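What follows is a single structure, written as structure tokens, with notes after it.
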Amino acid sequence: RGPMERPVTAAAADAEIERLISEEGGDREALRTALVEMELPENLPACGRVFTDRDQRVWIEEFADPAEPTAESTWNVFNLEGVLRASASLPRRFQPTDASEDRILGVETDELGRESVVAFLLARESRQ
């Protein structure tokens, strides 16, 4: 296995199926049957969402295991040369849309599906 390979567990598959069913309207049992019968990938994806900011940095979200719910997502920030420049922990329900050196802007969706525009200040860690 490579360093980014994380096998898909039964718990991860079950959690993702339940998430998809909870978001879907209509015939939930038919959807459950179709999802359970699908062939599963061997490994979880390495990354989730991706976006670029105004300074042409690429923000890549580390894919979170569905079986391990957490309130935050880790985002890694790379420059155009592919060098990791920073990491940030942000709420999982937050969808970034823009970022600068000191803040990130986006939309956060609450548990009822209501969206709010949110800005977070980015703290710089000192490196010694």
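The values are calculated or read from the model by the stated rules, or taken from the named source; none is laboratory data. Model, not experiment: these values are computed from the prediction. Don't worry about glycine lacking a Cβ; one is built from the backbone with ideal geometry, like all the others, and counts go over all protein chains shown. The protein model used for the area step is the full one, side chains on, heavy atoms only, and it has no ligands, DNA or RNA in it. Shrake-Rupley method; radii C 1.70, N 1.55, O 1.52, S 1.80 Å.
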> What's the FRET efficiency of A119 with D27 using the Cβ-Cβ distance as r and R₀ = 30 Å, to the nearest 0.05?
Replying inline: 0.15
> Any idea what the relative contact order of the stretch 1-74 is, in percent, if you count C-alpha pairs under 8 Å spaced at least 6 apart?
Replying inline: 35 percent
>> With n ≥ 4 as the cut-off for DSSP H runs, can you work out [θ] at 222 nm for the chain, using -39500 (n - 2.57) per run divided by the number of residues, rounded to the nearest 500?
In response: -6000 deg cm²/dmol
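Using only alpha carbon pairs under 8 Å that are at least six residues apart, calculate the relative contact order of the stretch 31-72 and give it in whole percent. All intermediate terms of the calculation are to be shown ahead of the outcome.
Details: 26 pairs, mean separation 12.4, N = 42.
About 30 percent, as a whole number.
Give the longest segment of the chain that steers clear of trypsin sites (Lys or Arg not before Pro) in DSSP loops with at most 12 neighbouring Cβ atoms within 10 Å, not counting the sites themselves.
Result for the longest clean stretch: 55-113.
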> Counting pairs of alpha carbon atoms under 8 Å apart in space and at least six apart in sequence, what relative contact order in percent does the chain give?
Replying inline: 16 percent
>> Quick check for me: using +1 on Lys/Arg Cβ and -1 on Asp/Glu Cβ, what's the dipole size of the chain about its Cα centre, in debye to the nearest 20?
In response: 540 debye
>> Charges on Cβ only, +1 for Lys and Arg, -1 for Asp and Glu, centred on the Cα centroid of the chain; of L90, P7, A67, which one is farthest towards the dipole's positive end?
In response: L90
>> Helix 10-23 against the longest principal axis of the chain: what's the angle in degrees, Cα atoms only, rounded to the nearest 10?
In response: 90 degrees
> By how many nm would the segment from A34 to R85 grow when fully extended, if each residue of separation counts as 0.36 nm and the alpha-carbon distance is taken off?
Replying inline: 14.2 nm
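Which percent of the accessible heavy-atom area of the chain goes to carbon and sulfur, probe 1.4 angstrom?
Solvent-exposed carbon and sulfur of the chain make up 52 percent of the total.
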> Averaged per residue, what accessible surface does the stretch 1-127 expose to a 1.4 Å probe, in Å²?
Replying inline: 70 Å²
>> Let me cross-check E18: its accessible surface, 1.4 Å probe, with only protein heavy atoms counted, in Å² to the nearest 10?
In response: 90 Å²
> Just one of (1) 98; (2) 108; (3) 144 is volume of the Cα convex hull per residue in Å³ as worked out from the coordinates here. Which one is it?
Replying inline: (3)
